[in-house]
Amino acid sequence: MTIFLQSIGFGVIIASITAIGAMGFTLQFGVTNVFNLNYAAVMTVCAFVAYLLQSHGVSIWVAMLAGGAAGAILTYLIGRTILRAYARRRVQIFEVVMATLGLSTVLSYIVYVISRDSIYEFSFSVGRTVHLGPFQATTTQLILIVLAVVALLAVEGLLRLTRFGTAVRAMSADRDLAVACGIAVNRVVAAAWLISGFLCGVAGVAYVANSMTVSYVTGSLFLPLVLSAAMLGGVGSPVGACLAALVMGIVTEIVAAYGGSAYSTTAAFGILVLVLLSRPSSLLSAGALRQTITV
Amino acid sequence: MSFYLSTLAVYFAIYVMSAWSLNLQYGYGGILNFGWIMYQAAGAYAAAVVSLGADTAPGSFQQYILGSRLPFPLPLLVAAAAGALVSAVVALATLRRIRRDYQAAVMLMLSIIALQVVSAAPAIFNGSIGLTGITRPLFSALGLSLTGYQWVYAAWVVVLCGVLYLLVEGLTRSPWGRALRSVRDHEDAAIAIGINGTMMRFEAFVIGGAIAGLSGGLLVEFIGAWSPGAWSYAETLVVFLAILVGGVANNRGVVFGSLIVPVLFLQLSQFLPQIAYPGFIDGVDWIVIGLAFMLSILLLPRGIMPERRLRVSRPAAAAAPAVAAGPAAVLVTPALRVAGNGPAGPVSTIGPVSTAEAVSAGPRADANGTRDVTERAPVLSVRDLTVRYGGVTAVDAVSFDVMPGEILGLIGPNGAGKSTLLSAIAGQLRPAAGSIMLSGAEVRRASPHSRARHGLARTFQLTSEFAGLTVFENLLVAGRGARGASLSGLLRSPARNKADEQAAARRAWALLEQLGLEYAANSYGRELSGGERRLVEIMRSLMRDPAVLLLDEPTVGVAPHLLPKIVADLRTISRGGVALVLAEHSLDVVAELSDRVVVMAGGHIIARGSYGDVVVQPDVRDAYVG
């Protein structure tokens, strides 16, 4: 029983990290319709930015902010230059996902070349281990959970309470109609790149702050969790992404506790496949059916 | 040097196989298998463990499952079977009708996860260290020098390549391959002409997986080892790039692509002197591969050698009657007489072809060529059909009948439920309640492709031509029906297949002549104008002599000067005995064509009768004006 409860606790920690990334992904996808596999590589880059800063004595939390900023800038620049080039040539939607995979490879291997294909270990203190009943977590992990909650509140607040949020939701629901209603698409897309890029960067740093190691494959190890949560949660729904992350985090940790870590990611994927089998319509929501990207 | 060249030859041949495997899935089937390398790995691991012997044997230092020692060439068969099996399992879970970019992401994630599992669980395939010590098949039996053996192995792989080429080329050029390409280009439309899209993609995926598995088996028997390092997701990109550079859906093009990308580029860079540190050049290679991949999608998405265009010219015999009778004259009555006397439909028609076939509706045309709608049973009968989207009832208990040869106009303001109604009848949407009788049979629970096979055809609001098929192929693919399109049908009776194919070709030519589109027979769907696309769509739906044709806004996107032509064509089609259900915004077109009109608003039928009668009713006016 203790193991069971403990693994729920660990699941919540993993879920918090995943949720930050999944919210960014779902926001980005809802607005731009780009299924961005390069998300993985951006997370890796940001994790390395944070590693560099942290290893030079900067606090991990400041480094995380810097990683977020790096993610925002990188995502924005890629969206505005590279992805725009594809949009201009009106490539098909499945070719865009291919392009993002190519881009992800390029970025990852730039990191590989610079990092000399090595695994780097963080050296900051994770703080003391806190026990709350059967649960236990380090101070760092507790902060990560709080961070995820703050991120959820911030994103939801942004979507529900601001004009920008209304515009984003309109774009996610029906882009053409949104454009016809006079929404400043350009500005909404720019903001979506920046915000989602920031969340992407923070998620990448949060992931390595929990695992304490970083290498050029960091992002692609983390990507299945993030994408599964975003797809499960439904396009453009941060709350859905968080709930999905929670379910997946807890299930994977329970499986890991009882079946060994090799099967925990399998469990995550099993959940995703179950959803594909039972609710394919969740992936066919009206906003996701359109066949062009907006970048 | 000889040693090196023989190694290169083996790699080249295996890469060519890999490219054919992925090209079948991506180029012909439109499946973005980003996890392709996993199926090669499945074959490699399978061949390894059945060559190594039991892992409990004395001297064994590795852990793995299913250890046994099978004689050559059985491990290769096991490898192909493993590739096919893993593909089948994955296909069942993921080849759903979801967006292709989602699907691609799922496949990518699956390969990443599989890699993690295999690395982390030593009991399966010796974990992250991988398997080693796989002996080369027949090495001691042949008694050759190492280099000599290498050349023998290369020759063996090249022979296998030759066999595989015949297989993939035969498959992709067959009606099955054509049907697969139609699913790639527009799945809904492919289903609407009776093709089982899910099954087609499943078959392509599994065959591709088997070839991938075989390539993995050949690779592991040659290298003697296999580990997680050999199958990171990026390896899939190399094969993709070979296809993109060589030619999408071109089996010869990808041979060229495999020569350029994996062989010349990746191997030549191994000759560079070491720069910086070991691994640096590998890293740069991958960066270049990724960049090249991005650029080829942007600039050359169909490759240097694109899909080969099927060029056909009209057979001389078929052209004669058209000249004799003149196109306008053949459209109506003489055609029907011919059709009425003949046994049934074009498949049984042998000998010189006349344009009559084009217009006839086969067995459904009246024997004397007159239209006598009143005394016949309805060919389509809809009762209390209800469709709900979540809480919204888009079609509410709608009932109507359509007689053979009748044109039923379906009008109503935007959001009235017209398209939903058509989709529910054709099977794209599942109705919540009601009954759909097609030629006397209940089809409410039938799949859309089986409804199509029972005489229901439809067009789509947005034209649905197969962009990557020529106009002629667009028609052929619809003419074949279930037999030639399914893999089992293809293999079972080559003779019947040939007859089917010839019959379909005759019918296609007749239709092309009737609708005046012969000049475009060899144009790709994507090269056509809006009106031409519409005509192709209409011709395609007539290929199988439908009893009922559902037309969703057939005049949208049609240039005004083509409008009278389409109206006239539709009238001719209906006179051939086909029942038309015409959902249309242009009231002029409806007024001109319809025998009867049904007016919908808010999911209900609010009026029915002749066009003249219904348009004056106050309800109808209110519905339109608001």
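The values are calculated or read from the model by the stated rules, or taken from the named source; none is laboratory data. The model shown is predicted, which means the values in this text are computed figures rather than measured ones. We place every Cβ from the backbone using ideal geometry, glycine too, and count neighbours over all the protein chains shown. In case anyone asks, the SASA skips ligands and DNA or RNA and just uses the protein heavy atoms, side chains included. Shrake-Rupley method; radii C 1.70, N 1.55, O 1.52, S 1.80 Å.
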(message) For the structure I just gave you, tell me whether B:Phe256 is more than 8 Å from every other protein chain (Cβ to nearest Cβ), modelled with pLDDT of 90 or more and under 33 Å from the mean Cα position of the chain (by Cα).
(response) yes
(message) Could you tell me how many of the residues in the stretch B:260-280 are surrounded by 15 or more Cβ atoms within 10 Å (Cβ to Cβ) and under 41 Å from the mean Cα position of the chain (by Cα)?
(response) 6
(message) Filter the stretch B:492-523 down to the residues that are of a type in the set (Gly, Ala, Ser), crowded, with 19+ Cβ neighbours inside 10 Å and under 22 Å from B:Ala467 (Cα atoms) and list them by number.
(response) B:Ala504, B:Ala505, B:Ala508, B:Ala510, B:Ala520, B:Ala521
(message) Given the condition in a helix (DSSP H, G or I), farther than 27 Å from B:Gly390 by Cα, touching a Phe, Trp or Tyr at 6+ places or on another chain (Cβ under 9 Å) and in contact (Cβ under 8 Å) with a residue 12 or more places away in the chain, answer yes or no: does some residue in the stretch A:265-276 qualify?
(response) no
(message) Going residue by residue through the stretch B:294-311, is there one that turns out to be part of a helix (DSSP H, G or I), open to solvent by 70 Å² or more (accessible area, probe 1.4 Å), within 14 Å of chain A (Cβ to nearest Cβ) and out of contact with any His (no Cβ under 8 Å at 6 or more places or on another chain)?
(response) yes
(message) Restricting to the stretch A:76-107, name every residue that is more than 8 Å from chain B (Cβ to nearest Cβ) and among the small types (Gly, Ala, Ser).
(response) A:Gly79, A:Ala87
(request) Hand me the list of strands (runs of 3 or more DSSP E) wholly inside the stretch B:391-502 holding 1 or more residues that are farther than 19 Å from B:Ala583 by Cα. (result) B:392-402, B:433-438
(message) Suppose we keep only residues that are at negative phi and surrounded by fewer than 19 Cβ atoms within 10 Å (Cβ to Cβ) within the stretch A:252-262. Which one would you say is nearest to the other protein chains (Cβ to nearest Cβ)?
(response) A:Ser261
(message) Looking at A:Thr18, A:Thr44, A:Thr32 in this structure, which one is within 14 Å of chain B (Cβ to nearest Cβ), open to solvent by less than 10 Å² (accessible area, probe 1.4 Å), hydroxyl-bearing (Ser, Thr, Tyr) and under 21 Å from A:Val149 (Cα atoms)?
(response) A:Thr18
(request) Given the conditions (1) in contact with a His (Cβ under 9 Å, 6 or more places away or on another chain); (2) touching a residue at least 60 places away in the same chain (Cβ under 8 Å); (3) polar (S, T, N, Q), report the number of the one that B:Thr470 does not fulfil. (result) (1)
(message) Against the definition (open to solvent by 60 Å² or more (accessible area, probe 1.4 Å), away from chain A (no Cβ under 14 Å) and at positive phi), how does B:Leu66 come out, yes or no?
(response) yes
(request) Assess whether A:Leu132 counts as being modelled with pLDDT of 90 or more and either among the aliphatic types (A, V, I, L, M) or surrounded by fewer than 19 Cβ atoms within 10 Å (Cβ to Cβ) (or both). (result) no
(message) Given the condition at pLDDT 80 or above and either within 12 Å of chain B (Cβ to nearest Cβ) or in contact with a Leu (Cβ under 6 Å, 6 or more places away or on another chain) (or both), answer yes or no: does some residue in the stretch A:280-293 qualify?
(response) yes
(message) Being open to solvent by 10 Å² or more (accessible area, probe 1.4 Å) and without any contact (Cβ under 8 Å) to a residue 60 or more places away in the chain is the filter here; which residues of the stretch A:79-105 pass it?
(response) A:Thr81, A:Ile82, A:Ala85, A:Arg88, A:Arg89, A:Val91, A:Phe94, A:Glu95
(request) Could you tell me which residue of the stretch A:221-241 is farthest from the other protein chains (Cβ to nearest Cβ), considering only residues that are within 30 Å of A:Ser59 (Cβ to Cβ) and either open to solvent by 20 Å² or more (accessible area, probe 1.4 Å) or charged (D, E, K, R) (or both)? (result) A:Leu225
(message) Looking only at the stretch B:394-416, how many residues end up being buried (at least 17 other Cβ atoms within 10 Å of the Cβ), out of contact with any helix residue (DSSP H, G or I) (no Cβ under 9 Å at 6 or more places or on another chain) and under 26 Å from B:Val625 (Cα atoms)?
(response) 3
(message) Exactly one condition in (1) within 14 Å of another protein chain (Cβ to nearest Cβ); (2) surrounded by 24 or more Cβ atoms within 10 Å (Cβ to Cβ); (3) not charged (D, E, K, R) is false for B:Ile98; which is it?
(response) (2)
(message) With the structure loaded, tell me whether B:Tyr39 is under 30 Å from A:Val91 (Cβ atoms), modelled with pLDDT under 90 and assigned to a helix (DSSP H, G or I) or whether it fails that test.
(response) no
(request) For the stretch A:199-219, enumerate the residues that are surrounded by fewer than 24 Cβ atoms within 10 Å (Cβ to Cβ) and in a helix (DSSP H, G or I). (result) A:Asn210, A:Ser211
(request) Filter the stretch A:113-124 for residues that are closer than 17 Å to B:Ile275 by Cα and open to solvent by less than 20 Å² (accessible area, probe 1.4 Å) and give the result. (result) A:Ser115
(message) For the list (1) more than 14 Å from every other protein chain (Cβ to nearest Cβ); (2) aliphatic (A, V, I, L, M); (3) free of Cβ contacts under 8 Å to residues at least 40 places away in the same chain, I need the number of the one condition that A:Val205 fails.
(response) (3)
(request) Scan B:Ser111, B:Ser87 and give me the residue that is more than 14 Å from chain A (Cβ to nearest Cβ), open to solvent by less than 10 Å² (accessible area, probe 1.4 Å) and either part of a loop (DSSP other than H, G, I, E, B) or under 30 Å from B:Asp188 (Cα atoms) (or both). (result) B:Ser87
(request) Check the stretch B:281-291 and report whether any residue there is out of contact with any Ser or Thr (no Cβ under 6 Å at 6 or more places or on another chain), more than 14 Å from every other protein chain (Cβ to nearest Cβ) and crowded, with 16+ Cβ neighbours inside 10 Å. (result) no
